[in-house]
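Working notes, beginning with the structure itself.
The values are calculated or read from the model by the stated rules, or taken from the named source; none is laboratory data. Since the model is a prediction, treat every value here as computed from it, not as a measurement. Cβ coordinates were reconstructed from backbone atoms using ideal geometry, including for glycine residues, and neighbour counts include every protein chain displayed. In case anyone asks, the SASA skips ligands and DNA or RNA and just uses the protein heavy atoms, side chains included. Shrake-Rupley method; radii C 1.70, N 1.55, O 1.52, S 1.80 Å.
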Amino acid sequence: MDMMNVMNVGIAADHGGFALKERLVNSLRKEGYEVVDFGAPTFVPGDDYPDFVLPLARAIAGGHVARGVAICASGVGVCIAANKIRGVRAALCADHYSAHQGVEDDAMNVLCLGARVVGPSVA
């Protein structure tokens, strides 16, 4: 990756996606991306995805981060919440083809993942 053009990526997850978020943050940083972590900052079993996903979505809509990754247990909740923010195009993807097509053909700017649906290697 050209370090002069480092893409910043926002990431957010509730308790259902916390472990996967932590792995992805580390992987993205190792690949040279600037990662903005919108939380959850620690694993809290009773937390709720809108508390983390809505700030991520607002940052994308405002141009503060280029792309986002939102994670919950199924991916459905974070997708619905993110799409409530004007300017966000979030999609739930469980495979590489759909994620690629979502960006290339549909201008997707938030990738939604279900931590209980996809494993770390697919994510």
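Surface composition of region 25-74: carbon plus sulfur atoms contribute 52% of the solvent-accessible area (1.4 Å probe, protein chains only, all chains present). Take the chain with all the other protein chains still there, run a 1.4 Å probe, and you get 54 Å² of accessible area per residue.
Applying both filters, DSSP loop and at most 16 other Cβ atoms within 10 Å, to the trypsin sites (Lys or Arg not before Pro) of region 49-123 gives Lys84, Arg86, Arg89, Arg116. Each semi-axis of the equivalent ellipsoid for region 51-109 is √(5λ) with λ an eigenvalue of the Cα gyration tensor; in descending order they amount to 17, 14, 9 Å. Start at zero, step by 5 Å, and the Cα-Cα distances of the chain spread as 2, 13, 23, 26, 22, 10, 3, 0, 0 percent across the bins. Which residue, Tyr49, Tyr97, Tyr33, tops the fluctuation ranking in a GNM of the chain built on C-alpha contacts under 10 Å? Among Tyr49, Tyr97, Tyr33, the largest GNM mean-square fluctuation belongs to Tyr97. Just from its helices, what would the mean residue ellipticity at 222 nm be for the chain, if runs of 4 or more DSSP H residues each count -39500 (n - 2.57) and the sum is divided by every residue, rounded to the nearest 500 deg cm²/dmol? Rounded to the nearest 500, the figure is -10500 deg cm²/dmol.
Relative contact order for region 1-95: 33 percent, from Cα pairs under 8 Å spaced at least 6 residues apart, divided by residue count.
Summing charges over neighbours of Phe52, with a neighbour being any other residue whose Cβ is under 11 Å away from its Cβ, gives -4 when K and R count +1 and D and E count -1. Take the convex hull of the alpha carbons in region 28-75; its mean projected area over all directions comes to 3.9 nm². Set the Förster distance to 41 Å, then compute FRET efficiency between His100 and Phe43 from the Cβ-Cβ distance, nearest 0.05. The computed FRET efficiency comes out at 0.85. Measuring from each cysteine beta-carbon in the chain, the ones with no other cysteine beta-carbon under 4.7 angstrom are Cys72, Cys93.
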